[in-house]
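Chemist: The structure follows.
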Amino acid sequence: MPLVGFRPTKARLVIEDAKDSVLVMRCVVDPDDDVELASGGTLEAIAGVLRIRERGSNGNGPDKGLGTLTFVAESGTGNDANAAKFQLSVNLTADRFAAVMRAIYAGHLPAKFFVDVGGKRDAKEEHPALGFRSRAGVRIKHWDNLAHRVLPVASCVMIMALDALPAMPEATPLAEGELAGTATNAQVAELVDDLLVFQADTRHTMMGFVAVLAVVAAAALAIALVLLFR
């Protein structure tokens, strides 16, 4: 059975008394998929709906199968015309259904999902209801939707988009001689000691300089007096 990829466009939750809640998503065929229809046109040219129920509730047990893919032909004329569409029905186990609902509640639609669909027209025939054909050298999928409007779904894989936590920035190593933003008590005490030593050295230097100036001034005054009384 070939895989067919779909992309959801919007979702809604249908809740009704005494009935199962149903997650409904509008979806289209993935642009990378080509599915030719026996009735004409392609599957990606029409819109569809995916309905997800929790398997096991209200008799939807494993014997009911995983789900179905159904083609609904165009009907009506004029203003009452209804375009062709497809319907996907999938029954998920309780844990899978809960995981999808948690992602939906968090605002995340599935980024993409795949269903494995198909089935043979007859056990003795080689051509499946949905198989592969070659067109202009390109291998595409072909759905005989005229003879087989409903196809069984064998499996369903959903790819959920999740928000990743932002990576913590790496610490930038300090350059030589650069101080960190927060100093320890030992670093503070060492800085205070250096400041006190610098202050004492400066005070002694200033006192020596003043003493030298005083001696020079006294000597100049003595020489001036000697010259005055000669």
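Bear in mind that the values in this text are calculations on the coordinates, not laboratory data. Nothing here was measured: the structure is a model prediction, and the numbers come from that model. We place every Cβ from the backbone using ideal geometry, glycine too, and count neighbours over all the protein chains shown.
Chemist: Please get the size of the charge dipole for the range 3-160, origin at its Cα centre, with Cβ charges of +1 on Lys and Arg and -1 on Asp and Glu, quoted in debye to the nearest 20. Each step should come with its number before you reach the end.
Modeler: On the way: 21 positive and 19 negative charges, 46 e Å.
It works out to roughly 220 debye.
Chemist: Please give the contour-minus-distance gain from residue 87 to residue 227: 0.36 nm per residue of separation, less the Cα-Cα distance, rounded to one decimal in nm.
Modeler: 37.9 nm
Chemist: Between residue 218 and residue 108, what is the spin-label point distance in nm, taking each point 7 Å from the Cα along the Cα→C-beta axis?
Modeler: Spacing of the two 7 Å Cα→Cβ label points: 8.9 nm.
Chemist: From Cα pairs below 8 angstrom and at least 6 apart in sequence, can you work out the relative contact order of the range 3-160, rounded to a whole percent?
Modeler: Result for the range 3-160 is 26 percent.
Chemist: So for each of 149-155, 84-90 I average, over its residues, the number of other beta carbons within 10 Å; can you give me the resulting order with the highest mean first?
Modeler: On the way: 149-155: 17.1, 84-90: 20.0.
Ranked by mean Cβ neighbours within 10 Å, highest first: 84-90, 149-155.
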